[in-house]
Amino acid sequence: MDDIDRWLEDLAFADWTSGHIQALVPAFSVGETYFRRDAEAFDWLARHHIGPLLARRRREGQRYLRLWSAACCTGEEAYGLLFMIDELLGAERDHWAVELIATDINDIFLRHARQGLYGSRAFRGNDEAFRLRYFKGEGSRWRVRPTWLGRIRFTRFNLADGDQPSPMQGADLILCRNVLMYFSPARASIALKRLLASLDREGLLLLSSVEAGIATHAGLRGRLAGSNYALTHQSMVDAQVPVIDPFGGGRPVPLPGPAIPEAKPAAASVPVSWSRTAIAPRRATHAAAADIGPAALWAQAQRALHGGRADAAREALQAYLAGAGLSPAQQHQACLLMARSLADEQQVQPAWEWLCKALSLDTSASAYWLQALLEQQGGNSPAALRALQKAFYLEPDFILGYFLQARLLRAEGQVQASAKSLRVCRELLAGQAADSPVPHADGMSCAQLLRLCEQLQQESLA
Ligand SMILES: C[S@@+](CC[C@H](N)C(=O)[O-])C[C@H]1O[C@@H](n2cnc3c(N)ncnc32)[C@H](O)[C@@H]1O
């Protein structure tokens, strides 16, 4: 391609084929793994899940096991599981039907896994006895011994693709560790619930401990399993109980409301360069900041804004910004609020200036959203679309952003891409209560936005 920007833009709005995705996957997948990662979790599984399950099946004369290593990377996790099962079955192993599948999105990793050939990095923390028992030296590397090679079915599966049927039903155990942490909270919740639906009634889904917050965000209750986190069907039942997300996961909250330290303001914390601009805090507001704490000033600004007193709100915000002890994120929010209130009054130039200040301090989907609106107002659709892309990067479920994207693309004559944005917007709306407000939409309900989507779609068809 001669024009890389154009190519990237086309890609961004195209309906991607699996060929597109596969070409890009290696650049984005993190291949960090090793044998018996979180060894205590494997020991916990042997003692508390697989061991008792084998005993029960033995009693019932049902000698089968179904296991799935989801996001198996180069196979270390799956082989580790196979070794463990064989240890537990001992001499009985030939009388059991053990189905072990291992999936990943990355074909290169899967090819590596099938070969079963590993360098020293794969053996971190494992002793020589482990290596000698299960592997045979091959040059400077080690290959899985023939007893275990070829017993795992490695196959491609994208955990984020809701249309692909699950590769295993009635699984006794699914390991899905260190991958959902790369997903958006919404997507991770959906993937988790699909994985739970693939479990047998008494099956168990294991996440890494850092992914426990994803489960609680999805409204699921699990328990610690060695150094990992285990979920079962019961997790969904227990989910009726309100849960607190210890990791503070969830959708980014629309503007604003940062936590404000109750620090007594001292000297101005606004960057020096600001004072040279027309929007530097005024003397009077410094005085106000000295008398009132930042939390009170923030509340004052909010009240004034809600009461339609934009000047008073901006005065309070300037005083707030003049105080000490604000984090860049808090300053970002305040500058953004200044920019929004100015934009609402069509004071475009000062709105831009405050927005630039906000973006020099921090980034947020709200800031890029405002940028998109200002660019749209200025007639620069390509710049508005670029700003929207940044907003989506920070907030993939930015419903209203997809609506604006659909409109902008349609105006640009990109009919197919516009239809795709509209589809995403409607899909996101389908997951919301009809009367719930659309974030960033000043009180518009999801049902109202859905009607606008339908209208836009009909206009496009006309
Ligand atoms: C950090 S590794 C974790 C490997 C192993 N589960 C572990 O805990 O050691 C993350 C793996 O997730 C895979 N992955 C990323 N996104 C995926 C997706 N949407 N579906 C399936 N696998 C994915 C990557 O290709 C990579 O192999």
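Coordinate-derived values only; no laboratory data. Since the model is a prediction, treat every value here as computed from it, not as a measurement. Positions of Cβ are backbone-derived with ideal geometry, glycine not excepted, and every protein chain shown enters the neighbour counts.
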Most exposed first, judged by fewest Cβ atoms within 10 angstrom, 96, 354 run 96, 354
What ranking do 98, 348 get, fewest neighbouring Cβ atoms within 10 angstrom at the top? 348, 98
Distance between Cα centroids, the stretch 363-430 to the stretch 1-18: provide it in whole Å. 17 Å
Roughly how tilted is helix 4-13, in degrees to the nearest 10 and between 0 and 90, from the longest Cα axis of the chain? 80 degrees
Just to be sure I follow the rule: in the chain, considering lysines 8 or more places apart or on different chains, how many pairs have Cα atoms under 28 Å apart? 4
Angle check, please: helix 51-60 long axis (alpha carbons) against the longest principal axis of the chain (alpha carbons), in degrees 0 to 90, nearest 10. 50 degrees
Rank the residues 16, 44, 298 as a footprinting-exposure proxy: fewest other Cβ atoms within 10 Å of their Cβ go first. 16, 44, 298
Counting Lys +1, Arg +1, Asp -1, Glu -1, what net charge surrounds residue 333 among other residues with beta carbon under 12 Å of its beta carbon? +1
0 to 90° range, to nearest 10: angle between helix 415-430 axis and the chain longest Cα axis: 80 degrees
Per-residue [θ]222 nm for the chain (sum of -39500 (n - 2.57) over DSSP H runs n ≥ 4, rounded to 500): -15500 deg cm²/dmol
Figure the gain on full extension for residue 15 and residue 62 (residue separation times 0.36 nm, minus the Cα-Cα span) and round it to one decimal in nm. 12.3 nm
